[in-house]
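Engineer: Next up is a structure, given as structure tokens.
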Amino acid sequence: RKEVEQDPGPFNVPEGATVAFNCTYSNSASQSFFWYRQDCRKEPKLLMSVYSSGNEDGRFTAQLNRASQYISLLIRDSKLSDSATYLCVVNWNSGYSTLTFGKGTMLLVSP
Amino acid sequence: EAGVTQFPSHSVIEKGQTVTLRCDPISGHDNLYWYRRVMGKEIKFLLHFVKESKQDESGMPNNRFLAERTGGTYSTLKVQPAELEDSGVYFCASSQDESNSYNEQFFGPGTRLTVL
């Protein structure tokens, strides 16, 4: 069974804090990796793709460890607007995308 | 540019009835996907169209679900007859091409289906 596991949280942090989420995936042949953000009762939106070399986008840093089959997301200087559910998403296929989602980690940033 | 649209936004039906969900992908996107999230569970893949052809329907739960994409534009997902366990949020997504496994899928706002 192909699974993506995440800590559901919630993670409660004050504004300005640094917070990290981890995710593990079961299929070692996975091809591509993503973090999606989902606001309450909204659709998922791509936050960032995760590449083998790691990548950064502003306050967000994503890391991939293929050997240990985990993905991480680091958010620095948290803003109130970062409050959302963060979905770890994996694509098993090389030829086309069939996304497998984790249940998500909820983040609540307070003033 | 308009995003992925879905209709209706909400649907409440009784067990045994039929419901048809519609998805309009982003113009020019050949790839169209259906996903579903039932309460307490993760979003799960249902099927993938490339233009009008079904590329992968391995996630379809059973034969009460029928997806079509005639003409390769919009898609419909029909549930007949609906059961209680079909309740959830049905998302549609589209992407431009699949030459790269990192190609972004854009999601619609979802249809919230409640079966009573």
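Engineer: Send over the semi-axes of chain B's equivalent ellipsoid, whole angstrom and largest first, taken as the square roots of 5 times the C-alpha gyration tensor eigenvalues.
Structural biologist: Values: eigenvalues 109, 37, 36 Å².
Value: 23, 14, 13 Å, ordered largest first.
Engineer: Explain nothing, just the number: relative contact order of chain A, from Cα pairs under 8 Å at least 6 residues apart, as a whole percent.
Structural biologist: Details: 283 pairs, mean separation 41.6, N = 111.
Answer for chain A is 37 percent.
Engineer: Now for a different question. Taking the DSSP beta bridges in the protein assembly as shown as the whole, what percent of them are antiparallel, to the nearest 5?
Structural biologist: Working: 70 of 78 bridges.
Within the protein assembly as shown, antiparallel bridges account for around 90 percent of the total.
Engineer: Taking neighbour counts of Cβ atoms within 10 Å as a proxy for exposure, in what order, fewest first, do B:34, A:92 appear?
Structural biologist: Working: B:34 26, A:92 18.
Ranked by crowding around the Cβ, least crowded first: A:92, B:34.
Engineer: Based on C-alpha coordinates, I'd like the Rg and Dmax of the protein assembly as shown, in Å.
Structural biologist: 17.7, 51
Engineer: Separation between the residue A:24 and residue A:110 pseudo-spin-labels, each 7 Å from Cα along Cα→Cβ, expressed in nm?
Structural biologist: 3.0 nm
Engineer: Would you mind classifying segment A:33-111 by shape? Square roots of the alpha carbon gyration tensor eigenvalues, ordered a ≥ b ≥ c; an a/c under 1.5 is rounded, otherwise it is prolate if a/b is larger than b/c and oblate if not. All intermediate terms of the calculation are to be shown ahead of the outcome.
Structural biologist: Details: a/c = 2.23, a/b = 1.40, b/c = 1.59.
Because a/c hits 1.5 or more and a/b fails to exceed b/c, segment A:33-111 counts as oblate.
Engineer: Oh, and also: For the pairs B:54/B:78; A:45/B:54; A:42/B:44, note any where the Cα-Cα span goes beyond 19 Å. Write out the running numbers ahead of the final one.
Structural biologist: Numbers: B:54/B:78 15 Å; A:45/B:54 24 Å; A:42/B:44 16 Å.
Result: A:45/B:54 exceed 19 Å.
Engineer: Same structure, new question: What Cys residues in chain A are without a partner cysteine, judged by a Cβ distance under 4.7 Å?
Structural biologist: Cys with no partner Cβ under 4.7 Å: A:40.
Any read-out appearing in this document is the output of simple, stated calculations on the displayed coordinates, not a laboratory observation. As the structure is a computational prediction, the values presented were derived from the model and not from experiment. No Cβ is skipped: glycine too gets one built from the backbone with ideal geometry, and neighbour counts run over all protein chains shown.
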